[in-house]
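Below is one structure, written out as C-alpha cells, with a few remarks after it.
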Amino acid sequence: MPAPARYLICHYYLVPVRPSITQVPNWQSKPENVRYDEQITFDFKIRTADNSANLILDLKEKEIVTNKLDPKLTYEQAYDYFYKAYKSHIDQVVAGLNQES
C-alpha cells in the first residue's frame, strides 16, 4: 500500500486574459491583461520539481514548508483557503493521514 499523501503543493501560473494580447510589448505588466491559474497536487514527498512551487503545506505537521506568496500568511489561512476550494480532496488526504497514525 502506497504512503498516503502528506503535502499540498501549489503552483500559480501567469496567463494572458486574451491570448492575442501577448503580441503587445510588456503585456504582463498591466494587471487587467493577466490572470493566474492555480494548480495543486498532493504527494507523499517533496520532489526536486516542487522547488518552483509557490506554496507547500505539510498537512500532517500542519505547517508551511514553502511560502513564496506572502510572508504574513499563516498555515491556518492557507489551509482554510484551500479547504474551501478543494474540500473533498483534502478530506481524503487527511483521512489517509489519520489512518496512518
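Coordinate-derived values only; no laboratory data. Note that the coordinates shown come from a computational prediction; the quantities given were computed from them, not determined experimentally. Cβ coordinates were reconstructed from backbone atoms using ideal geometry, including for glycine residues, and neighbour counts include every protein chain displayed.
Could you give me the ³J(HN,Hα) list for region 18-24, computed from phi with Karplus coefficients 6.51, -1.76, 1.60 and θ = phi - 60°, whole Hz, x at Gly and Pro?
Once θ is set to phi - 60°, the couplings for region 18-24 become 10, x, 5, 5, 5, 7, 8 Hz.
Under a 5 Å amide H to amide H cut-off, with H placed in plane at 1.01 Å, what residues pair with VAL65 once short-range neighbours are removed?
Residues meeting the amide H criterion: ILE56, LEU57, ASP58.
Go through 47-57, 29-39 and give me the packing order, highest mean Cβ count within 10 Å leading.
47-57, 29-39
For VAL17, which sequence-distant residues (separation of 5 or more, or a different chain) have an amide H within less than 5 Å of its own amide H, given hydrogens modelled in the peptide plane?
VAL34, ARG35
Restricting everything to alpha-carbon atoms, can you work out Rg to Rh for region 7-100 with a Kirkwood hydrodynamic radius?
Value, to two decimals: 1.07.
Output the 0 to 90 degree angle, nearest 10, between the alpha-carbon long axis of helix 75-100 and the longest principal axis computed from the alpha carbons of the chain.
30
Report the charge-dipole magnitude of the chain in Debye, nearest 20, computed about the Cα centre from +1 at each Lys and Arg Cβ and -1 at each Asp and Glu Cβ.
Using Cβ point charges on Lys, Arg, Asp and Glu, the chain gives about 260 debye.
Multiplying the sequence separation of ASP58 and TYR81 by 0.36 nm and subtracting their Cα-Cα distance, what value in nm do you get?
Value of the extension gain: 6.8 nm.
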